[in-house]
Amino acid sequence: MNEAPVGKPRYPLLEGVTAVLLILVLLSLGWMALGAWQPGWTDWVPQAAQVGAAVILLAAALGMVSLVALLHTRDSSPG
Amino acid sequence: LFYGFGTIAVFGIIASYHGMIFGASRQSFALGRAGYLPAFLGRVHATRRTPVAALLASSLVTAACVVVSVWYEEVGTVAVLVSTLTALMWYMLAMGCLFVLRKREPGLFAKYRTPVYRVLPVAVVVLAAFAALMYTIINVKVIPLTALLYALALGYFWFWAHRRVQQAAPEELSARRAPPPPQGAPR
């Protein structure tokens, strides 16, 4: 695989998906803080669903960040 | 299933201990060699070239916490909580350094690009700050002790160590040898 130009992402699609997941993780953090501050605003979602969604989101973000970080450590220069 | 998971967890903990012994000793060795910590930590064995002093120092501190926790159970818990809080502070400071270096020394990043730049470092800062904020609610008692340790370390560096930093240490040489920013340097 050729080196990406300096400043350009080497795996744009993977990094884009990872960025979206990370933003969703930060939004979920805001949701948790909102639920602690104003419980009535978040009670309409079942707690089991909230916990399940948070676990799936965090696991997906962890997996994607790990994958992108691993790919970036691989030497892609020819020879 | 319970005992099976426990067995797997024990093997994982043993692997973590080996990693911590290696990492903690090499970290204090490097800081001792550079002058940020007492110089004796930066010495190596004459023939084996291993950082014996740093290994012993980090092992003794850990062993002392374990032994004292036999009589005072909360010592181990406090040690873990303090180290976790300092790790959170370190995550935020490291990301801050990344943003500052990106502006001051763009040449350092000529051949390395932070994956998912800006989103990932910002996420690290926000998550670490959120976790540190939880300490003020859940584990507020460890905050004064952590602040005291930081104050002691900063006082040691300010009044003693910063005049004795070894300019020839590999870390200091690398910091001074940053290449000039090339054309089209990453943001």
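When +1 charges are put on Lys and Arg Cβ atoms and -1 charges on Asp and Glu Cβ atoms, the dipole computed for the protein assembly as shown relative to its Cα centre reaches about 1160 debye.
Taken residue by residue and averaged, Cβ atoms of other chains lying within 10 Å of the Cβ of A:21-27 number 3. Averaged over the residues of peptide B:116-127, the number of Cβ atoms from other protein chains lying within 10 Å of each residue's Cβ is 5. 3J(HN,Hα) along segment B:10-20: 5, 4, x, 5, 4, 4, 5, 4, 4, x, 5 Hz, from the Karplus curve 6.51 cos²θ - 1.76 cosθ + 1.60 with θ = phi - 60°, whole Hz, x for Gly and Pro.
What angle do you read, to the nearest 10 degrees and between 0 and 90, between the alpha-carbon axis of helix B:119-135 and the longest principal axis of chain B? Once rounded, the angle reads 30 degrees.
Measuring with a 1.4 angstrom probe and ignoring ligands and nucleic acids, residue B:67 comes out at about 80 Å² accessible.
Computed about the Cα centre, the dipole magnitude for segment B:52-153 is approximately 680 debye when only Lys and Arg (+1) and Asp and Glu (-1) carry charge, each at its Cβ. Counting heavy atoms of the protein chains alone, residue B:93 has an accessible area of about 110 Å² for a 1.4 Å probe.
Just check segment B:1-130 against the gyration tensor rule for me: Cα atoms, a ≥ b ≥ c as the square roots of the eigenvalues, rounded for a/c under 1.5, and otherwise prolate or oblate depending on whether a/b exceeds b/c. Taking the square roots of the gyration eigenvalues as a ≥ b ≥ c, segment B:1-130 is oblate. For chain B, what does the helix formula give at 222 nm: sum of -39500 (n - 2.57) over DSSP H segments with n ≥ 4, over the residue count, nearest 500 deg cm²/dmol? Result for chain B, helices only: -22500 deg cm²/dmol. Across the protein assembly as shown, the fraction of Cα-Cα pairs farther apart than 32 Å, rounded to a whole number, is 42%. When the residues A:15, B:105 are ordered by accessible surface, computed with a 1.4 Å probe over the protein chains alone, the sequence from largest down reads B:105, A:15. The relative contact order of chain B, computed from alpha carbon pairs under 8 Å that lie at least 6 residues apart in sequence, is 26 percent.
Along the axis of the charge dipole computed for the protein assembly as shown (Cβ charges of +1 for Lys and Arg, -1 for Asp and Glu, origin at the Cα centre), the listed residues B:29, B:115, B:152 are led at the positive end by B:29.
Any idea which of B:169, B:93, A:29 is furthest toward the positive side of the dipole for the protein assembly as shown, if Lys and Arg beta-carbons carry +1 and Asp and Glu beta-carbons -1? So the residue furthest toward the plus end is B:169. What you get for chain B, charging only the Cβ of Lys and Arg (+1) and of Asp and Glu (-1), is a dipole of about 940 debye around the Cα centre.
The values are calculated or read from the model by the stated rules, or taken from the named source; none is laboratory data. Please read all numbers here as calculations on a predicted model, not as lab measurements. Every residue, glycine as well, gets a Cβ built from its backbone with ideal geometry; the counts of neighbours run over all protein chains shown. We work out accessible area using only protein heavy atoms, side chains counted, and drop any ligands, DNA or RNA first. Shrake-Rupley method; radii C 1.70, N 1.55, O 1.52, S 1.80 Å.
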